[in-house]
Amino acid sequence: MHTLFFLFALLCLPLMIKAAPLEKKPPQPTIKSLYGEVALDNNLVKALLNHPAIKRMRFIDNAGPSRYFRSLPAYSLFDHALGVYVILKRFKRPFKEQLAGMLEPVAHSVFSHQGTLYLRPKNSNRPYYLAAHTSYLKAVGLEPWLMKAGISVADVDPLDQRFTALYKNPPFLSAIEIEMTLRLAYSFKLLTLKEIRQIMDDLRFEEGKWFFITEKSAAKLGNLSLYFTKRYWGAPQNYVVNRWVAAAMKRAVGLGILSVKEIRFGVDKAVLQKLMQAKDKIIHGLLVQGRQPFRFYSVVKGEDFDEIYKPEFRGLNPLVKREGNYIRLTQLDLDYSKRFNALRESFLGGIKIKFKKPPKNSGFNEFNGGSFAGAHYDLEVAF
């Protein structure tokens, strides 16, 4: 009886083996973004996404104080960093350049570019967040994580000349400018996800340059860059809000309410909360001005003005490849060329600003105008 059972089991063994479920591999994790989906296939990148310094960027908004005072759409430095990484990975850029793209904004102060107004690293002409990049990575403990992968902090300097796709000043395209322009367009509902995907499909990076294979997509990106240069990056209301909040932070540091360390390593809402809770009339007045900027300034044309604001011109002039030749959008589209040059000239000429003090019966007596002297805190940074 036992022998028959054994023979039966032996005969069924191949069927049992065949019927046994195969061990399935876990699905590959991916990063989904506006610019497509890429595999999360590197252990260092996985680790970095969980590092406190990278997580901090979730709570720093690219728009600066205007995010909170003017209710602009949320756009965190984390979203920007991840978007730049995805773009660089999608276009098969070297791994160190991908990392540099992810880490490029990590040294920003609270309110993003706000620190650049008054934090000046000694012996450097770079803006604060780029000049302090190397020392910042060391200070927040990112260096050991990189070293485990055989990468130094110098290897991920965003301004490394070898990173030709990552960083270039407008009007030239770069992964940074492409990401910011498309992200803002999506946030402001000026582009759909489908339109962004089409722009990305028409985009190329070859021979050390970004270019489009269709004029239509090049024109979309270019027109959006002019729109945001005028109404977002270069908008005078954002400028005065930045000035007033910077002045409030400067005063808070002087009074011991805030520290420069909190501004460099903290997050937006924690610093904003300290400012709002400060029992100081001047800080309170500056915050009121930030919340209601149009009560306290106007753009004027005549000779009676307090300041000429010269915004940074960030219009893009993409290349389009036709029959093997690279042609600038301004050469292909004369209407775009006129608007591009007109906006650039107006920015070079500057925007005249007049600060307005409310009438005495308004109940507001702490008007601080545009007073903010600029660089006040010199930092020792390692390069």
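Every number in this text was worked out from the coordinates using simple rules, so none of it is lab data. Keep in mind that what you see is a predicted model, and the values were worked out from it rather than measured. When we count neighbours, we look across all protein chains shown, and the Cβ atoms used for this are built from the backbone with ideal geometry, even at glycine.
Within the range 141-206, all pairs of alpha-carbon atoms sorted by distance into 10 Å bins from zero give the percentages 17, 34, 28, 19, 1. Calculate I(q)/I(0) for the chain by the Debye formula, one identical point scatterer on each C-alpha and no solvent, and give its log10 at q = 0.06 Å⁻¹ to two decimals. With one equal scatterer per Cα and no solvent, log10 I(q)/I(0) is -0.30.
Highest average first, the peptides 346-356, 313-323 ordered by how many other beta carbon atoms sit within 10 Å of their residues are 313-323, 346-356.
I need the P(r) histogram for the range 262-367: all alpha carbon pairs, bin width 10 Å from 0 out to the longest distance, whole percents. All Cα pairs considered, the percentages come to 12, 23, 24, 21, 14, 6, 1.
Take every Cα-Cα distance within the range 245-297, group them into 10 Å bins from 0 onward, and report for each bin the whole-number percent of pairs it holds. The distribution over the range 245-297 is 25, 56, 18, 1, given as percents. Using only Cα atoms, tell me the angle between helix 268-277 and the longest principal axis of the chain; keep it within 0 to 90° and round to the nearest 10. Rounded to the nearest ten degrees, it is 40.
Compute the acute angle (0 to 90°) between the alpha-carbon long axis of helix 281-291 and the principal axis of greatest extent of the alpha-carbon atoms of the chain; round to the nearest 10°. The angle comes out near 60 degrees.
Using every pair of distinct Cα positions in the range 204-345, the Kirkwood expression returns a hydrodynamic radius of 18.5 angstrom. For the listed peptides 233-239, 76-82, 198-204, a ranking on the average number of other beta carbons within 10 Å per residue, highest first, reads 76-82, 233-239, 198-204. Helix 215-228 axis versus longest C-alpha principal axis of the chain: approximately 40°, rounded to the nearest ten. In the range 230-272, whose amide N lies under 16 Å from the spot 7 Å out along Cα-to-Cβ of residue 279? List them in ranges. Taking a point 7 Å out along Cα→Cβ of residue 279, the residues of the range 230-272 whose backbone N falls under 16 Å are 255-258. Kirkwood hydrodynamic radius of the range 109-258, from the reciprocal of the average inverse Cα-Cα distance over all distinct pairs: 18.2 Å. Placing +1 on each Lys and Arg Cβ and -1 on each Asp and Glu Cβ, with no other charges, gives the chain a dipole about its Cα centre of roughly 860 debye.
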